[in-house]
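Peer 1: Below is the structure I would like to discuss, written out as structure tokens.
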Amino acid sequence: MKKLYDEAKSILPNSFAKYSNFKVAAALEMNNGEVITGVNVENASFGLTNCAERTALFAAYTKGYRKNDIKQILITTEQDDFISPCGACRQVMRELMPDDALVHMSNNKGEIKTVSNKDLLPFAFTDEDL
Ligand code: THU
């Protein structure tokens, strides 16, 4: 877990958070050990902001990885509090990561709270509902 935390921490300065100044970084680990990172990228049209979790996941899918290739994701910020993924990211993580993938929410001290992907979004809307 230290490796994932260090990777996320190292790219945190790349966060483009010019409006909120709330920097977020995510490190996504594949089953083969590769780690793919992402940061939040904000926009003057605020709703177009992309969260760190989705940046990392979309980068992984761009490389050709798919749901069952993903092991876990760690998220961090500069804050004392543990980061909690937003609703949009929970929905995207639910579809793009396995239900039992681990989601590690950390703070600026490197302390970590862990939950499973499925526990983050009870009663989720999924492809089975279509
Ligand atoms: N943000 C993330 O990147 N991930 C989260 O889980 C929560 C929120 C970003 C979006 C925005 O750039 C900033 O944090 C403040 O909401």
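Every number here is computed from the coordinates shown, using simple stated rules; none is lab data. Small disclaimer: the values here were computed from a predicted structure and weren't measured. Note that we place each Cβ from the backbone using ideal geometry, even for glycine, and neighbour counts take in every protein chain shown.
Peer 1: Residue by residue through the stretch 29-43, which ³J(HN,Hα) values in whole Hz follow from phi under the Karplus form 6.51 cos²θ - 1.76 cosθ + 1.60 (θ = phi - 60°), with glycine and proline marked x?
Peer 2: 9, 8, 5, 8, x, 5, 10, 10, 10, x, 10, 6, 10, 8, 8
Peer 1: How many times 2.2 N^0.38 Å is the alpha carbon radius of gyration of the chain?
Peer 2: The chain yields a ratio of 0.99.
Peer 1: I would also like to ask the following. Show me, for the stretch 119-125, the HN-Hα J-couplings you get by feeding each phi into the Karplus relation (A = 6.51, B = -1.76, C = 1.60, θ = phi - 60°), rounded to Hz, glycine and proline as x.
Peer 2: 3J(HN,Hα) across the stretch 119-125, in whole Hz: 6, 6, 9, x, 6, 5, 8.
Peer 1: With +1 assigned to the C-beta of every Lys and Arg and -1 to the C-beta of every Asp and Glu, and no other charges, what is the dipole magnitude of the stretch 2-129 about the Cα centre in debye, to the nearest 20?
Peer 2: 300
Peer 1: Quick check: residue separation of Met30 and Phe46 times 0.36 nm, minus the Cα distance between them. What number comes out in nm?
Peer 2: Stretched out fully, the Met30 to Phe46 stretch lengthens by 2.7 nm.
Peer 1: Hey, what's the per residue convex hull volume over the C-alpha atoms of the stretch 45-100, in cubic angstrom?
Peer 2: About 103 Å³ per residue, rounded to a whole number.
Peer 1: Can you tell me which aspartates and glutamates have their Cα less than 15 Å from the Cα of Lys113? Leave out same-chain residues fewer than eight positions away.
Peer 2: Asp80, Asp81
Peer 1: Same structure, new question: First check a/c for the stretch 1-63, with a ≥ b ≥ c the square roots of the eigenvalues of its C-alpha gyration tensor; if it is under 1.5, answer rounded, and if not, answer prolate when a/b is larger than b/c or oblate otherwise.
Peer 2: In terms of gyration-tensor shape, oblate.
Peer 1: State which entries of Lys9/Lys71; Lys63/Lys109; Lys23/Lys109; Lys2/Lys71 exceed 21 angstrom in Cα-Cα distance in the structure shown.
Peer 2: Flagged as over cut-off: Lys63/Lys109.
Peer 1: Among Ala101, Leu4, Phe125, pick out the residue whose Cα is farthest towards the positive end of the charge dipole of the chain, where Lys and Arg carry +1 and Asp and Glu carry -1 on C-beta, about the Cα centre.
Peer 2: Leu4
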